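Written out below as structure tokens is the structure these notes cover.
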Amino acid sequence: MNDKRKHRAGVIVMKRYPSCFKILGLRIYGSFDLPKGGVDHGEDIFEAALRETQEECGITDLTFEWGYEACHARNVTLFLATTREDPVILPNPKTGEFEHHDAKWLTFDQAEQMLHPYLRTVIPWVRQKTGEA
């Protein structure tokens with residue numbers, strides 16, 4: 001099976017700001033990604049989401065305020081969490097290469113414009129779960 005088609009897992013990481021939540025976007029060239037990656041052999045989808053979030057942006061302090069329900073974008077299962085931590089872009093632990101160039105906290109509107117197109121489809125679900133228009 002082509003690696004791009006394997007199931008992936010990640011976390012939509014949000015931070016609470018005085019007037020709104022913002023979503024963590026990981027910049028790759030001209031657009032933004034979410035912390036996500038492949039599911040290792042013997043690993044469940046939630047464990048993979050946590051591991052990938054830690055590996056890609058160093059965030060480990062996650063609170064799943066809305067429970068553990070997930071949404072899907074293509075072959076990616078995404079969980080919704082908040083953090084108080086700031087991201088640190090880290091190299092891939094297996095290859096030593098950086099998969100992202102930068103990180104930015106995006107408003108929901110920015111996320112709908114700047115995330116990879118297939119990931120933008122999760123923003124209405126995030127808005128509904130958080131109650132933010």
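Quick one: compute the contact order of the chain, relative version, from alpha carbon pairs under 8 angstrom and 6+ residues apart, as a percent.
Here the relative contact order equals 31 percent.
What accessible surface, in Å², does a 1.4 Å probe find on Asp109, ignoring ligands, DNA and RNA and rounding to the nearest 10?
Approximately 100 Å² of Asp109 is accessible to the 1.4 Å probe.
Probe of 1.4 angstrom, ligands and nucleic acids ignored: what's the accessible area per residue over the chain, in square angstrom?
55
So which chymotrypsin sites (Phe, Trp or Tyr not before Pro) in segment 1-64 are both in a DSSP loop and have at most 16 other Cβ atoms within 10 Å of their Cβ?
Those satisfying the criteria are Tyr29, Phe64.
If R0 is 22 Å, what FRET efficiency do you get for Tyr29 and Asp61 from their C-beta distance, rounded to 0.05?
After rounding, the FRET efficiency stands at 0.15.
Write out the GluC sites (Glu not before Pro) in segment 1-85 meeting two conditions: DSSP loop, and at most 13 other Cβ atoms within 10 Å of their Cβ.
Taking segment 1-85 and a limit of 13 other Cβ atoms within 10 Å, the loop GluC sites (Glu not before Pro) found are Glu65, Glu69.
Evaluate the Debye formula for segment 26-81 with equal point scatterers sitting on the alpha carbons, no solvent, and hand back log10 of I(q)/I(0) at q = 0.12, 0.16, 0.25 Å⁻¹, in q order, two decimals.
-0.28, -0.51, -1.17
Kindly give Rg over Rh for segment 61-116, based on alpha-carbon atoms, with the Kirkwood expression for the hydrodynamic radius.
Here the Rg-to-Rh quotient is 0.98.
Under the rule a/c < 1.5 gives rounded, and otherwise a/b versus b/c splits prolate from oblate, where does the chain land using the Cα gyration tensor?
Taking the square roots of the gyration eigenvalues as a ≥ b ≥ c, the chain is rounded.
Carbon and sulfur: what percent of the chain's accessible surface (1.4 Å probe)?
Solvent-exposed carbon and sulfur of the chain make up 50 percent of the total.
For Gln110 paired with Asp44, estimate the spin-label separation in nm (one decimal), with each label point 7 Å from Cα along the Cα-to-Cβ line.
Going by the 7 Å Cα→Cβ label model, 3.5 nm.
Calculated from DSSP H runs of 4 or more alone, at -39500 (n - 2.57) each and per residue, what is the 222 nm mean residue ellipticity of the chain, nearest 500?
The helix-only estimate for the chain comes to -6500 deg cm²/dmol at 222 nm.
Test of understanding: extend the Cα→C-beta vector of Phe98 to 7 Å, then name every residue of segment 19-51 with backbone N under 13 Å from that spot.
Residues 27-29 qualify, since their backbone N sits under 13 Å from the label point.
DSSP beta bridges in the chain, what fraction antiparallel, as a percent rounded to 5?
70
Summing Lys, Arg as +1 and Asp, Glu as -1, what charge do residues with Cβ under 11 Å from the Cβ of Glu43 carry, Glu43 excluded?
-3
For the chain, which longest stretch is free of loop sites, where a loop site is one of the trypsin sites (Lys or Arg not before Pro) that DSSP puts outside H, G, I, E and B and that has at most 15 other Cβ atoms within 10 Å?
Of all site-free stretches, the longest is 7-73.
How many Lys pairs in the chain lie less than 18 angstrom apart by Cα atoms, where the lysines are 8 or more positions apart or on different chains?
12
The values are calculated or read from the model by the stated rules, or taken from the named source; none is laboratory data. Only a predicted model underlies this, so the values are computations on that prediction, with no experimental measurement involved. Cβ: placed from backbone, ideal geometry, glycine included. Neighbour counts: every protein chain shown. To get the accessible areas, we keep the full protein, side chains included, count just its heavy atoms, and leave off ligands, DNA and RNA. Shrake-Rupley method; radii C 1.70, N 1.55, O 1.52, S 1.80 Å.
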